[in-house]
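Worksheet: the structure to be examined is printed underneath.
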Amino acid sequence: QVQLVESGGGLVQAGGSLRLSCAASGRTFSTYNVGWFRQAPGKEREFVAGIRWIGRTTYYANSVKGRFTISTDNDKNTLYLQMNSLKPEDTAVYYCAATPRGWSRSPSMYDSWGQGTQVTVSS
């Protein structure tokens, strides 16, 4: 299993930007499917963005498409989520996750999770 640690969350005004980082250790995750998920209070954890390791295809939730960008730096074994034009409804705890299994947007398919980082967007 790969160990994941997120950083980069914080408080930002609507329209602002944040970049989340997810450092992996234990195993290189260049052959893992990886993703960012978020969970707001009282809501289920939802898919935000992901990278399928075969072909390095990126996927986004409709709610963040055009505003968020997911990327990896395999030399640093780190996953990123650049978040621009943030909205109050983006407020949530953000988690990175990885799985050696098939690509999926479902949180239940992911084996490794970070501890989460809080993102709060004020209006």
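The values are calculated or read from the model by the stated rules, or taken from the named source; none is laboratory data. All figures in this text were calculated on a predicted structure; none of them were measured in a lab. Cβ atoms come from the backbone with ideal geometry, glycine included; neighbour counts cover every protein chain shown. Please note that ligands, DNA and RNA were not included when accessible areas were found on the heavy atoms of the full protein model with its side chains. Shrake-Rupley method; radii C 1.70, N 1.55, O 1.52, S 1.80 Å.
Cross-link partners of Lys76 among aspartates and glutamates, defined as those whose alpha carbon lies under 16 angstrom from its own and excluding same-chain residues fewer than eight positions apart: Glu6.
For the chain, the relative contact order comes to 36 percent (Cα pairs under 8 Å, sequence separation of at least 6).
Ratio of Rg to Rh for the chain: 0.94 [Cα atoms; Kirkwood radius as inverse mean 1/r over pairs]. Given +1 at the Cβ of Lys and Arg, -1 at the Cβ of Asp and Glu and no other charges, the dipole of the chain around its Cα centre is 240 debye to the nearest 20. Of the listed residues Glu89, Glu46, Glu6, the order by accessible area with a 1.4 Å probe, largest first, is Glu89, Glu46, Glu6. Across Val48, Val5, the residue with the most accessible area heads the list, and the full order at a 1.4 Å probe is Val5, Val48.
Dipole orientation for the chain: of the candidates Pro107, Val93, Ala61, Ala61 has the Cα lying most toward the positive pole (charges on Cβ; Lys, Arg +1; Asp, Glu -1). Please report the net charge: other residues with Cβ closer than 13 Å to the Cβ of Arg52, K and R +1, D and E -1. Combined, the nearby Lys, Arg, Asp and Glu give +3. Of all lysines in the structure, the ones whose alpha carbon falls short of 26 Å from that of Lys87, not counting any fewer than 8 places away in one chain, are Lys43, Lys65.
Using the Karplus relation 6.51 cos²θ - 1.76 cosθ + 1.60 with θ = phi - 60°, the per-residue 3J(HN,Hα) values for the range 57-63 come to 6, 9, 9, 9, 5, 4, 5 Hz, with x marking Gly and Pro.
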